[in-house]
Amino acid sequence: MRKFLAVLHARNMEFLRDRSALVWNLAMPFMLVFGLAFTFSGGSKDIYKIGIVGGIEKLHSVAPALQSTQHLQFIPYDELNAAIGKVKHHQMDMLIDVGGAPKYWVNSSSPNGYLLERIIRGVEGDRFERQVVEGAEIRYVDWFLPGILGMNMMFACLFGVGFVIVRYRKNGFLKRLKATPLGAFQFLFAQLVSRLLLIMVITTIVYTGCNFFIDFNMQGSYWTLLLVTTLGAMCMISIGMLIAAHTASEELAGGMLNVVTWPMMLLSGAWFSLEGAQIWVQKLALIFPLTHMVSAARAIMNEGATLSQVMPHVWVLGITSVIFIAIGAYVFKWE
C-alpha cells in the first residue's frame with residue numbers, strides 16, 4: 001500500500017507542478033459552458049423558416065402583419081437563385097422577394113410551405129404573387145455526411161500531429177534531429193505530407209465503402225471535392241503543428257487542442273445549420289477551417305457547386321495553411 005501511495009502522490013505532484021496543464025484543465029470547462037450558454041441561449045423556438053430577398057427592413061413596410069407573426073424565422077439572402085435552391089430542396093419552407101413586386105416561392109410538396117401559404121393569405125390576403133418550385137428533399141444523411149467526415153478529419157489532423165510532435169520533443173527525439181542538417185520547415189512539412197496522405201486515403205476508403213451501401217447524393221465534381229477536402233486537411237494539420245511547435249507538455253497540448261476542436265465542432269455547421277443563428281455567431285464560425293471545408297463540400301455534393309463558386313472557401317483554406325505552417329516553422333523548438 002505504501003508503494004501505491006508513493007506512486008499516486010508522485011503522479012499528483014507531477015500534474016500539479018505543471019501549471020500550464022492545470023490552468024487549461026480548469027479553465028477550458030468554464031469557457032465551454034459559458035460560451036455555449038451565451039451562444040445558444042435565446043427565446044422561443046421558431047417553427048417555420050422563411051428566406052427574404054430584398055431586405056428584412058423592406059418586409060416591414062410591405063407586409064407588417066406577416067413580420068409581426070410569431071414563430072416565424074426570417075433569414076436574409078442576397079442571391080435569389082441560391083435561395084430558390086434552398087426551397088427546392090426543402091432546406092427552407094418559403095422564400096419571399098420584396099425587392100420588386102412582392103412574390104413568394106413555395107415547394108409544392110412541402111407540408112410546411114402549404115401551411116405558410118395559409119398563414120400568408122390569412123394575414124396579408126393576396127398581396128403576394130405565388131411561385132411554385134419542385135424538387136426532392138435532400139436526405140439528412142446527404143446533408144450530414146460532409147460534417148461527419150470533416151469532424152473525423154479534424155480529430156485525426158489535430159491530435160494525430162500535435163501529440164506526435166510533443167512526444168518526440170518529450171522523449172528527446174527532436175533533440176537528436178537538431179544535430180542533423182534537417183530544418184524546422186522540412187521536418188514540419190514532412191509531418192504534414194505524411195499525415196495528409198494517411199487521412200485522405202482513410203477518408204476515401206470510408207466514403208467509398210459507405211457510398212456502396214447508401215448511394216450518397218453527388219451533384220458536383222469529385223475533383224473539386226478532393227481539392228476542398230485536401231486543403232481543409234492541410235489547414236487543420238498546420239494548426240496542430242502550430243500548437244505543438246513550442247509545447248513540451250502533453251497535458252498542455254491536449255488542453256489547447258480541445259480548446260480549438262470543441263468550438264470548431266459546435267460552430268462549424270457540422271451538426272446543424274447556422275443559417276438561423278445570430279449574425280455574430282455566423283461571423284465567428286468563419287474563423288474555423290472546418291466551417292469552410294464543410295460548407296464547400298455540402299455545396300459541391302448537394303447543390304452541384306463549381307470550383308468558381310466555392311473559390312472563396314478554397315482561398316481561405318489555402319492561405320491560412322501557408323500562414324500557420326510558416327508561423328509554426330518560425331517558433332518551432334527542438335527541445
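The set of residues from region 287-303 being assigned to a loop (DSSP other than H, G, I, E, B) and either surrounded by 15 or more Cβ atoms within 10 Å (Cβ to Cβ) or touching a helix residue (DSSP H, G or I) at 6+ places or on another chain (Cβ under 6 Å) (or both) comprises just one member, Phe288.
When we screen Leu115, Leu95 for residues that are modelled with pLDDT of 80 or more, open to solvent by 50 Å² or more (accessible area, probe 1.4 Å) and either in a loop (DSSP other than H, G, I, E, B) or not assigned by TED's automatic domain parsing to the domain that holds Thr291 (or both), the only hit is Leu115.
Every residue, every condition in (1) among the polar types (S, T, N, Q); (2) more than 22 Å from Gln91 (Cβ to Cβ); (3) in contact with a Lys or Arg (Cβ under 9 Å, 6 or more places away or on another chain); (4) at pLDDT below 90, yes or no:
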site: Gln219; (1), (2), (3), (4): yes, no, no, yes
site: Thr224; (1), (2), (3), (4): yes, no, no, no
site: Thr230; (1), (2), (3), (4): yes, yes, no, no
site: Cys235; (1), (2), (3), (4): no, yes, no, no
site: Leu286; (1), (2), (3), (4): no, no, no, yes
site: Pro289; (1), (2), (3), (4): no, yes, no, no
site: Ile300; (1), (2), (3), (4): no, no, no, no
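Taking Leu257, is it open to solvent by 10 Å² or more (accessible area, probe 1.4 Å), among the aliphatic types (A, V, I, L, M) and assigned by TED's automatic domain parsing to the domain that holds Gln219? Against the criterion (open to solvent by 10 Å² or more (accessible area, probe 1.4 Å), among the aliphatic types (A, V, I, L, M) and assigned by TED's automatic domain parsing to the domain that holds Gln219), Leu257 does not qualify.
Just to be sure I understand the filter: pairs with C-beta atoms under 9 Å, separated by 6 or more residues or on different chains, first member in region 296-324 and closer than 10 Å to Gln219 by Cα, second member open to solvent by 30 Å² or more (accessible area, probe 1.4 Å) and of a type in the set (Asp, Glu). Which pairs pass? Pairs found: none. Checking the stated criteria, Leu66 turns out not to satisfy the condition of being outside any helix (DSSP H, G or I) and closer than 29 Å to Val281 by Cα. Selection of region 270-286 for residues being in a loop (DSSP other than H, G, I, E, B), open to solvent by 10 Å² or more (accessible area, probe 1.4 Å) and not polar (S, T, N, Q) yields Trp271, Phe272, Leu274, Glu275, Gly276, Ala277, Leu286. One residue stands out among those in region 304-335 that are assigned to a helix (DSSP H, G or I), among the β-branched types (Val, Ile, Thr) and closer than 28 Å to Val141 by Cβ: the one that is least open to solvent (accessible area, probe 1.4 Å), which is Val314.
The values are calculated or read from the model by the stated rules, or taken from the named source; none is laboratory data. From a predicted model like this one, the values you see are computed outputs, not experimental measurements. A quick note on method: Cβ atoms are made from the backbone with ideal geometry, for glycine too, and the neighbour counts reach across all protein chains shown. All accessible areas refer to the heavy atoms of the entire protein, side chains included, with ligands and DNA or RNA removed. Shrake-Rupley method; radii C 1.70, N 1.55, O 1.52, S 1.80 Å.
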